[in-house]
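Heads up, the thing below is written out as structure tokens.
The values are calculated or read from the model by the stated rules, or taken from the named source; none is laboratory data. Since the structure is predicted, the reported quantities are computational estimates derived from the model, not experimental observations. Neighbour counts run over all protein chains shown; Cβ positions are idealised from the backbone, glycine included. The area values use the complete protein model at the heavy-atom level, side chains included, leaving out ligands, DNA and RNA. Shrake-Rupley method; radii C 1.70, N 1.55, O 1.52, S 1.80 Å.
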Amino acid sequence: MLKVMNHPLITHKLTQMRKVETGTKDFRQNLDEIAGLMAYEICRDLPTKPVMIQTPICECQTEELSKEIVLIPILRAGLGLVNGITDLIPTAKVGFIGLYRDEETLQPHEYFAKFPNTMPDAVNMVLDPMLATGGSAVAAIDMIKKRGAKTIKLVCLVGAPEGVKAVEQAHPDVDIYLAALDDHLNEKGYIVPGLGDAGDRIFGTR
Ligand code: URA
């Protein structure tokens, strides 16, 4: 399932991020804000369980979340989505995946992985701002499935049709959430119109 968040606030904030003149501070702030807004919408279908509680007035039956949330940012740009989501879900655990691309085969390989042991029963959100070719997202999802993850949501800011197709083909069970679906990838692998290199813009590198 592909869900593109159509919301004026998200679109406005993403427009600020796309502008070439937007600096690190505003880029990060808008990213935090969009991540929170997206998380609110993504959490709409989270499972809940009935619980009995005591209010100051009486005992009553209500509901609370029944599954843990695990965030799995793909290093390094995925880190940019963590704060905005943990502001909304402070109990979320955070795992990490580091990938490098083999110069010859162009295939992504794992160089770092650290996960909470609750991943098999949790709702796992793989985070990467840019869904370009989909290679990293497909590899990251392969890796967490090998470690037992079953419920997986891929959360990206901007996607290209090429990346969406690659993930849908490799992992049809994974829901994909985007703030925007852009036009295409250019010859250098950048999303068009996109916002440039997300990692460089988040961390102020070049
Ligand atoms: N990664 C980025 O940071 N930007 C793109 O446009 C594509 C991949």
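Observations on the structure shown:
- Shape of region 38-167, Cα gyration tensor, a/c cut at 1.5: prolate
- Taken about its Cα centre, region 139-206 carries a charge dipole of about 400 debye when Lys and Arg each add +1 at the Cβ and Asp and Glu each add -1 at the Cβ.
- Annotation note: GluC sites (Glu not before Pro) in region 142-206 located in DSSP loop regions with a Cβ neighbour count of at most 11 within 10 Å are Glu187.
- Each residue of region 174-180 was assigned a 3J(HN,Hα) from its phi angle through the Karplus expression (A = 6.51, B = -1.76, C = 1.60, θ = phi - 60°), giving 9, 7, 10, 10, 10, 7, 7 Hz with x at Gly and Pro.
- Student exercise, the chain dipole from Lys, Arg, Asp, Glu Cβ charges, in Debye to nearest 20: 240
- 3J(HN,Hα) from dihedral phi, region 189-197, Karplus parametrisation 6.51/-1.76/1.60, rounded to Hz, x for glycine, proline: x, 8, 6, 10, x, x, 8, x, 7
- A cut-off under 11 angstrom between Cβ atoms defines the neighbours of Asn30, and their net charge, with Lys, Arg +1 and Asp, Glu -1, is +3.
- Spin-label pair Met52/Tyr40, simplified geometry with 7 Å Cα→Cβ offset, distance in nm: 3.5
- Highest-fluctuation residue, Val138, Val51, Val20 considered, GNM on the chain with Cα pairs under 10 Å: Val51
- Antiparallel bridges, percent of DSSP beta bridges restricted to the chain (to nearest 5): 40
- Rolling a 1.4 Å probe over the protein heavy atoms gives region 49-114 an accessible area of 65 Å² per residue.
- Computed FRET value (nearest 0.05) for Thr24 with Glu187, which takes r as the C-beta separation and R₀ as 22 Å: 0.20
- Shown here for region 71-159: GluC sites (Glu not before Pro) in loop regions (DSSP other than H, G, I, E, B) with at most 14 other Cβ atoms within 10 Å, namely Glu103, Glu104.
- Across all C-alpha atoms in region 115-206, the radius of gyration and Dmax reach 13.6, 40 Å.
- Sulfur and carbon atoms: percent of accessible area, the chain [1.4 Å]: 53
- Nearest-ten-degree value, helix 24-42 long axis tilted from longest Cα axis of the chain: 50
- Under 5 Å from the amide H of Val94 lie the amide H atoms of Leu71, each residue being 5 or more positions distant or on a separate chain, with H modelled from the backbone and absent for Pro and chain starts.
- Label sites at Thr91 and Thr118, each approximated as a point 7 angstrom past Cα along Cα to Cβ, lie 0.7 nm apart.
- Trypsin sites (Lys or Arg not before Pro) within region 1-97, DSSP loop, no more than 16 other Cβ atoms inside 10 Å: Lys19, Lys67, Arg76
- Max mean-square fluctuation residue, GNM over the chain, Cα-Cα springs under 10 Å, options Pro193, Pro108, Pro56: Pro56
- Note on the chain: helix-only mean residue ellipticity at 222 nm, from DSSP H runs of 4+ residues weighted -39500 (n - 2.57) and normalised by residue number, equals -9500 deg cm²/dmol.
- Scalar couplings 3J(HN,Hα) for region 6-18, obtained by applying the Karplus form with A = 6.51, B = -1.76, C = 1.60 to θ = phi - 60°, are 9, 8, x, 5, 5, 4, 4, 5, 5, 4, 5, 5, 5 Hz; x denotes Gly and Pro.
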